[in-house]
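Values in this text are rule-based calculations from the coordinates and carry no lab data. Since this is a predicted model, take the numbers as computed values, not measurements. Cβ sites come from the backbone with ideal geometry, for glycine too, and all protein chains shown count toward neighbours.
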Amino acid sequence: MKSHYKATRFPDDLYQQIENHRISNGSKNFSIWIKEAAKQRLENDQGLTNNYAQELNKLNKEILALGRNLNQIARAANSGLPVNADPVLLSSIGKMLRSTQANLLEVRGKLL
């Protein structure tokens, strides 16, 4: 990945605030701290809050649970067992899939 060099000047008071914050959070490298701060600002401006990773994790768990349920139904049907799908259950799965899809599209929109 190509990187760009940009020399920047900071007023003394801002530089001291950055240094104090960086050191108190255990960051050893000024450049890395600045890059992470800029990245966090851009993510916040796009609506990708600190809960972003938690939201993605939750969506992933929902998708995995739906996949396991569908696999169980498919395995039973493929082995010749009768599959009695409760219409309420199928409706519930459909709603969950649509909700998960909408959430994923929202996250995707924030990323692009």
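For the chain, adding -39500 (n - 2.57) for each run of n ≥ 4 DSSP H residues and dividing by the number of residues yields -25000 deg cm²/dmol at 222 nm. Quickly work out the ILE32-to-GLU55 label distance, labels modelled 7 Å from Cα along the C-beta direction, and quote it in nm with one decimal. Roughly 2.8 nm, to one decimal. Based on C-alpha pairs under 8 angstrom that are at least 6 apart in sequence, the chain has a relative contact order of 25 percent.
Computed extension gain for ALA77 through SER99, at 0.36 nm per residue and net of the alpha carbon distance, reaches 5.3 nm. Computed over the alpha-carbon atoms, segment 52-111 gives an Rg to Rh ratio of 1.10, Rh here being the Kirkwood radius from the mean inverse distance. Axis of helix 12-24 versus longest Cα principal axis of the chain: the two differ by about 50°, to the nearest ten degrees. Electrostatic tally near LYS110: other residues with Cβ closer than 15 Å to its Cβ, Lys and Arg +1, Asp and Glu -1, net -1.
Calculated on the alpha-carbon coordinates, the convex hull of the chain measures out at 173 cubic angstrom per residue.
Ranking SER79, ASN29, LEU97 by how far each Cα lies toward the positive end of the dipole of the chain (charges on Cβ) leaves SER79 at the top.
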